[in-house]
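What follows is a short report on a single structure.
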Amino acid sequence: MNRKYILVAMVLSASVLSSCTKEKEDNFTYKEVPASQVVSDLGIGSRVVTFSITDGDGEAPADVVALNGSEIDLPAATSFGLDGYDFDGWATSYNGTPLEKDKDGKQKLKVADNTVLYAVWKVRTVQKALDAFEKGEKVPEGGKLVIEEKNLTEWEFKQLWKLFTADYFSEVNGSYTEIDLSKTEITEIPKITFANTDLKAITFPETLKTIGEEAFENCNLLESVDFEKTAIETIGKNAFRGCNALKSVVISNEIKEGDKKRDNTLKSIEEGAFLNCEALTNKDAATLFVIPASVSSIGNNAFSGTAFTKIEVGAGVKLVKSGTFGGCTSLTEITFNYNGIDKLRINPNVFYDCPALTKISYKAEKGVDLAIGEIPGNDEEVYSIGDGNHVYEVVETEKVITVTEKN
């Protein structure tokens, strides 16, 4: 047999023909040739399977050369995709029905002829809603968008604001006002995702860890957020800044999971997180707003301009930065817990423009001794509040040190 055909037969025996590099060895020259040409030239019992990604982006899988009658595994969508759609498998015709999948979701093909397979795409929730708006359809009654997929892509997060902005596509669309993410497994709401939109309500997934910078900034219709069942760790810079209608934020020391309880996971409330949320207040007059003991740092102006009346800060907080509670004109008292391990540091001007504040308490946990020397020093800086004319005195009684207004 001619040496050229011996080489080709050896390659075909592996069921896949790949191109050869050009080189010389023993006076024999290797040449790059398409698989389909080799099969045609030889006229042997092999067939070529070609893949079309059908409007997708990226690279189509390489052609597969296989013996007639053999069965091949079809490739997954590792090198290509399509924004707004999930890859649903391969079909033998354009927009056809995907070939049958096994219990693991994989597809096989019994090779019977030279074949072109076409990628089939399944529309995802966000794209489906965008398509409806582009057709001039009105937002569904109730205005609630339920995300059915486990994940959201970067592209989809960037499209959400269009669905939550009134009349973005046309005057008849309106906008979605509520989103349910509870079926997803996302860990983060990226920066500016819902900023300046008409969002009124959101349900977070249990997997949520991070609220990105300005994610909900100026959502003036948003009334409440509940982190009770999430794995939240960080509320980012200016995350809810300027949410004027926001009345309730649910964060607690312990989280109930059936009959069990677990500690909160929140670690950081960053700069301006709830800045100027002027309606944000306590659940009722007798209930403290509690910053969990899991939190170690509170950023500048994090709660500035809110309407809280009573606040309790968990013992894990080591640093309270400037202006954290500035402009809280309704704040009457605040309590800092002390665990005997981490000495609390309070920066100057934490309580500026708090004219109603008359009581600052330092409370020791059970079994911990608390002395005046353990509370933040320099009274003039820390306790210069309101119009600057308030004067405070420190009173020590057993396990509580109270800084009260001096008449």
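Rule-based calculations on the coordinates, nothing more; no lab input. Computed from a prediction, not measured in an experiment: that's the story for all the values here. Heads up, the Cβs are rebuilt from the backbone with ideal geometry, glycines too, and the neighbour counts pull from every protein chain shown.
Set the Cα radius of gyration of segment 309-349 against 2.2 N^0.38 Å, with N its number of residues, and you get 1.20.
What does the highest-first list of 105-117, 163-175 look like by mean Cβ count within 10 Å? Intermediate results must be reported in sequence, preceding the final value.
On the way: 105-117: 14.5, 163-175: 16.5.
Per-residue mean Cβ counts within 10 Å order the peptides as 163-175, 105-117.
In segment 154-236, if every C-alpha pair distance is counted and binned at 10 Å from zero, what percent goes to each bin? In whole percents, the pair-distance histogram is 19, 53, 24, 4. If only the Cβ of Lys and Arg carry +1 and only the Cβ of Asp and Glu carry -1, the dipole of segment 180-230 around its Cα centre is close to 80 debye.
For the peptides 304-314, 93-103, what is the packing order when you average, over each peptide's residues, the other Cβ atoms within 10 Å and list the highest mean first?
Numbers: 304-314: 20.5, 93-103: 11.1.
Highest to lowest by the protection proxy: 304-314, 93-103.
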